[in-house]
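Since the structure comes first, as C-alpha cells, the remarks are kept for the end.
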Amino acid sequence: MITKMKFVDIINELKEVNDFVNETNDRARKLSDAVMSDFFNAQSLSISHENIVVELLEDMFNDSDLIGWWLYELDYGRKFKMGDLVDNGVEIDLSTSEKLYDYLKEKNND
C-alpha cells in the first residue's frame, strides 16, 4: 500500500502541473491577439502521465470515481465543502489530500 506521505506528494505534484498548465493556457489566450499561433494548450508543452497516475492510484484503492471526482470536479479539493460527500448518513471531510487518503484507506479496509 502507498504511504500517506507518498500519496500526498503525488497529489501535490499533479496539482502543481495542473496549475502550471492552466496558468500557461490563460496567458497564451491573453496574448492571442499579439501572437500568430495555433497554440492554446500548454498540456502539449509538458509530458504528463496524469491519467496513468490517477488510474494507478484508483487501482491501489479499488476506487472507480472518488479520486478523479476530487481532483477534477473539486479542483484538487479546493472547491470541496462539507456535505459534498455523505457516506451512510455521515458527512465526510475531504478538504485535503491527507483526509482523502484517510477516507480511501478506511474504505479499502472495510
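Just so you know, all these numbers are worked out from the coordinates, no wet-lab data involved. Only a predicted model underlies this, so the values are computations on that prediction, with no experimental measurement involved.
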note = HN-Hα couplings for segment 23-30 via Karplus (6.51, -1.76, 1.60; θ = phi - 60°), in whole Hz with x for Gly/Pro, come out as 5, 5, 4, 4, 5, 5, 5, 5
message = List the pairs from LYS4/LYS99; LYS79/LYS105; LYS15/LYS99 whose alpha-carbon separation is above 20 Å, in the order I gave them.
response = LYS79/LYS105
